Amino acid sequence: MTAARYLREKLERMSPTERVERVVVQHFASPLLQALGFDDSEIREEFETGCGQVDLAARKNGDPEDTFFRSPKNPYLLLEAKSRAVNLREGSCYRDVVCQIESYLLAKNCKSAKWGIITNANNIQLWRKHGKVVHPATANLDISSDNIESIVRNLRDKIENYERALTVCVYNNKGGVGKTTTIINLAATLATKKKKVLVVDFDSQGDLTRSLEATPGKITLTQCLKDPKIDVHAIVQTYKLKGFSIFDIIPRDPELETLTDSRAVAYIPKGTRRLRDLIAPLRNEYDYILIDCPTQWLYFSQSGVFAADVILIPTRPDDLSSLNNAARVITSFVPETAKSRQDGGPRTLPIFFNGVSSRSEYTIRLAHEEIQKLINQEKSVDLLPYFWPHFKRGNENKSIFRIPDYAVISSAKFERRPAVFSDRRVLEYYQSLAREYFIDE
């Protein structure tokens, strides 16, 4: 009998309303890990993460004399189980368990962990960790005896065929918040951390391409979009500074500007899904893929968000419209995209303030008042973790990450180089941004 078939039989024997979490751990979660390819010596119950005990942890044994069961360290996968009476389909219980698995994956004893699973034997969801980012690798799936074997195959395939890149779309439905500047300097900063980075200019205006003095080759991004037979590697170029390769870029080409919404639908196969398919062959060649797209929620921005694992939202504290539009991205555009994708993604990261003046504390207070209004008014989505990610019960920390306003950042555009290579302080700003959101150091 295969491990997946054994899991199916255990599921069929379990009460559909089982209220004891321990029963779910023993009769479903443990057999699930075995079906995913881990044997008994590679599984440990009640693993201490450093911020609490997760129900199960697993790691393949490299040395038969040093099994994970006997020496529980450097876990690869964490599993948090709940009783079948707990609603993991939606609502506050689901959100609490998501926060729980995220905190476990980011805990000090789980630096090596790449995957998290939450399940109550009625539902199951796989989560992926990339640096400091935890995001869905599957939708929140309903479990039945009819589909459990196919679910196991899907989860095992994702775990065993781990994609290297985290794809990030920097987006706000408001102009002037520094999306392109953020991408250029974040890409350069990640490159200084020995990360291999690709930036994609999917804005028909092409500000990113101009800022780096990139020019399309004989084969262009537009041609690649229209013809799936073209190898995407043909349009990848390398941005160099003083002869040194910094990061790769897919530049915008002039024909891209001719693609209105109606033309895109007519000429590009799969429409807004095409960009995600286009960059798929590159996801195992880079650590980060950063996508720049325009402000308006039309074809190019919809494509950029659809292609991403996570969405990073710059805002300005002196621009209340940027805060309101950030809320719109979080409550409308990203859920709309997730519904279309049906794979759990993308996930929105907390906002940050871009271009903060040293004399703007009063403006920031006004921004926080506006944020409080947005949080109070919104009923469909809890905006608090997206605007005040460090806010907790008993610790009302409303801090928001900031990139200061600095003249070198703006003037670097005219020098056709990332500002982080012009001023040490700017590099430190973006190193802090990378550590806040992406790099686990």
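The values are calculated or read from the model by the stated rules, or taken from the named source; none is laboratory data. Bear in mind the structure is a predicted one, so any value in this text is a computation, not a measurement. Ideal geometry is used to build each Cβ from the backbone, glycine not excepted, and the neighbour counts take in all protein chains shown. Note: accessible area is taken over every heavy atom of the protein model, side chains too, but ligands, DNA and RNA are not part of it. Shrake-Rupley method; radii C 1.70, N 1.55, O 1.52, S 1.80 Å.
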The stretch 101-114: number of residues that are touching a helix residue (DSSP H, G or I) at 6+ places or on another chain (Cβ under 7 Å) and either open to solvent by less than 10 Å² (accessible area, probe 1.4 Å) or among the charged types (D, E, K, R) (or both) = 2
key: Among (1) open to solvent by less than 10 Å² (accessible area, probe 1.4 Å); (2) part of a loop (DSSP other than H, G, I, E, B); (3) among the charged types (D, E, K, R) - the single one Lys129 does not satisfy   = (2)
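Of all residues in the stretch 365-404 being touching a strand residue (DSSP E or B) at 6+ places or on another chain (Cβ under 7 Å) and open to solvent by less than 20 Å² (accessible area, probe 1.4 Å), which is modelled with the highest pLDDT?
Our first condition is that a residue be touching a strand residue (DSSP E or B) at 6+ places or on another chain (Cβ under 7 Å); within the stretch 365-404, this holds for 386, 400-404.
Next, from what is left, pick out any that are open to solvent by less than 20 Å² (accessible area, probe 1.4 Å): 400, 403.
Numbers: Ile400: 96, Ile403: 93.
By that ranking, first place goes to Ile400.
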query = For the stretch 135-189, how many residues are at negative phi, in a loop (DSSP other than H, G, I, E, B) and of a type outside the set (Asp, Glu)?
reply = 18
remark   = Residues in the stretch 32-72 that are open to solvent by 60 Å² or more (accessible area, probe 1.4 Å) and either in contact (Cβ under 8 Å) with a residue 40 or more places away in the chain or in contact with a helix residue (DSSP H, G or I) (Cβ under 8 Å, 6 or more places away or on another chain) (or both) total 8
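Can you pull out every residue in the stretch 198-234 that is part of a helix (DSSP H, G or I), among the hydrophobic types (A, V, I, L, M, F, W, C) and open to solvent by less than 10 Å² (accessible area, probe 1.4 Å)?
Our first condition is that a residue be part of a helix (DSSP H, G or I); within the stretch 198-234, this holds for 207-211, 221-226, 232-234.
Cutting the leftovers down to among the hydrophobic types (A, V, I, L, M, F, W, C) gives us 208, 221, 224-225, 232, 234.
Passing the criteria: Leu208, Leu221, Cys224, Leu225, Val232.
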message = I need the full set of residues from the stretch 287-340 which are crowded, with 18+ Cβ neighbours inside 10 Å, of a type in the set (D, E, K, R) and closer than 23 Å to Asn140 by Cα, in order please.
response = Asp309
ask   = On the given criteria, is Ile279 out of contact with any helix residue (DSSP H, G or I) (no Cβ under 7 Å at 6 or more places or on another chain), open to solvent by less than 40 Å² (accessible area, probe 1.4 Å), of a type in the set (A, V, I, L, M) and farther than 19 Å from Asn354 by Cβ?
value = no
